[in-house]
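Here's the structure we're looking at; comments come further down.
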Amino acid sequence: MNLAEHILNGDRKAVAKLITLVENNSPESIKQLSVLHSHCGKAHVIGVTGAPGCGKSSLIGKLTAEYRKLGKRVGIIAIDPTSPFTGGAFLGDRIRMQEHFTDKDIFIRSMGSRGSLGGIAKSTADTAKILDAFGKDIIFIETVGAGQADVEIAKIALTLLVVTMPGSGDDVQAIKAGILETGDIFVINKADIPGTEQAELYLEQMLNLTSYPAGKWKPRVMKTSASLNTGIAELVDAIQSHMEYLKKSGEIGAKLREKARVEFMALVKQNVTKYILEHVIKKGELEETIERIIKRQIDPYSAADELVERIFSE
Ligand SMILES: Nc1nc2c(ncn2[C@@H]2O[C@H](COP(=O)(O)OP(=O)(O)OP(=O)(O)O)[C@@H](O)[C@H]2O)c(=O)[nH]1
Ligand SMILES: [Mg+2]
């Protein structure tokens, strides 16, 4: 039996193994992912982003417990924002989520954030696919709200939660800087501490600056306390409403089509580049061409055109 078959048979170790192969960009992972493809497409992938320490992991822990009560199987992918080796966030997450570690219907994986942005986005997307094929109904992806990485993750998720907390004006302000357009549900976590109402008012005001045409999803503002376990069932309801909206409006089809298009085009680009580097370009030629470009003996546009033309003439 190969890894993919083991995964489809419910083998957790095989899941962990394949994720590692994906992270290492191993050619074997491609073979296994292609087998899994036809078994994917059932999971609701939920992105959870927000400033460090606002309670994303705690919240995911509570949401997971709620989904388990509903009989849903849950996968969690945490993108470790800071440390490449041991990692405070990683250890913290493990401790906070450990109540779920013994539950076999929950799978938790922390991923390093080293490597290129595209690399992280790709291994996260592939890991979500593996968990989907493994039978997880709900897959959380936790990222620290730090700009571009989150925008990439937002494209993987069907529903994006933007988490903030009261009292930290900076956090709420930071939301303005780009993620506002992509968030589907804004969560004010730590609603047990003062300043919750102000944060709520502020968010509502900001959302009201945008007009949402009838029939379009208007982002919701929810209040939770992961510590007191309040607002969690309501948040699950809001996430469910968003999924119903996606289905009813047909937006889910558009999202999935766009995702498939981006993935396919990236693979084509990758394969063509690989082919050129392995079969068309001669040893040392790449460096030589770069040298000529720097010396202005040739311009990069013509050099690229010449190279591509050679593929067809050879
Ligand atoms: N008062 C209060 N504290 C909370 C709540 N949720 C989380 N915390 C605390 O906030 C701290 C950070 O929580 P985490 O869940 O690790 O936050 P995070 O956003 O995942 O943090 P990073 O992954 O490091 O970005 C911990 O000390 C939690 O106990 C809450 O609802 N109320
Ligand atoms: Mg965390």
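Brief remarks follow.
- Local net charge near His39, Cβ-Cβ under 11 Å (Lys/Arg +1, Asp/Glu -1): 0
- Report note on the peptides 189-198, 276-285: ranked by the mean count of other C-beta atoms within 10 Å, highest first, their order is 189-198, 276-285.
- Ranked by how many other Cβ atoms sit within 10 Å of their own Cβ, fewest first, the residues Val45, Val268 fall in the order Val268, Val45.
- Amide H to amide H distances under 5 Å link Val187 with Val162, Val163, Thr164, Met222, where only residues 5 or more positions off or on other chains count and H is placed in the peptide plane.
- When peptides 70-77, 291-298 are ranked by their average number of other Cβ atoms within 10 Å per residue, the highest-first order is 70-77, 291-298.
- Ranked list, fewest to most other Cβ atoms within 10 Å of each Cβ, for Leu207, Leu160: Leu207, Leu160
- Annotation: lysines with alpha-carbon distance below 20 angstrom to Lys122 (same-chain offsets under eight excluded): Lys17, Lys31, Lys42, Lys136, Lys155, Lys255, Lys259, Lys269, Lys274.
- Taking a ≥ b ≥ c as the square roots of the eigenvalues of the Cα gyration tensor, an a/c ratio of 1.5 or more together with a/b no larger than b/c marks the range 224-274 as oblate.
- The distance between label points at Ser249 and His39 comes to 3.3 nm (points 7 Å beyond Cα on the Cα→Cβ vector).
- Neighbour counts of other Cβ atoms within 10 Å put Glu309, Glu204 in the fewest-to-most order Glu309, Glu204.
- Net +/- balance of residues flanking Val268 in space, Cβ distance below 13 Å, scoring K and R +1, D and E -1: +2
- Here the Karplus curve 6.51 cos²θ - 1.76 cosθ + 1.60, taken at θ = phi - 60°, turns the phi angles of the range 8-18 into couplings of 5, 8, x, 8, 5, 5, 5, 4, 4, 4, 5 Hz, with x standing for Gly and Pro.
- Among 7-16, 123-132, the order from most to least packed when residues are scored by Cβ within 10 Å on average: 123-132, 7-16
Each value in this text was obtained by applying a stated rule to the coordinates, not by laboratory testing. All values reported here derive from a predicted model rather than from experimental measurement. Cβ atoms come from the backbone with ideal geometry, glycine included; neighbour counts cover every protein chain shown.
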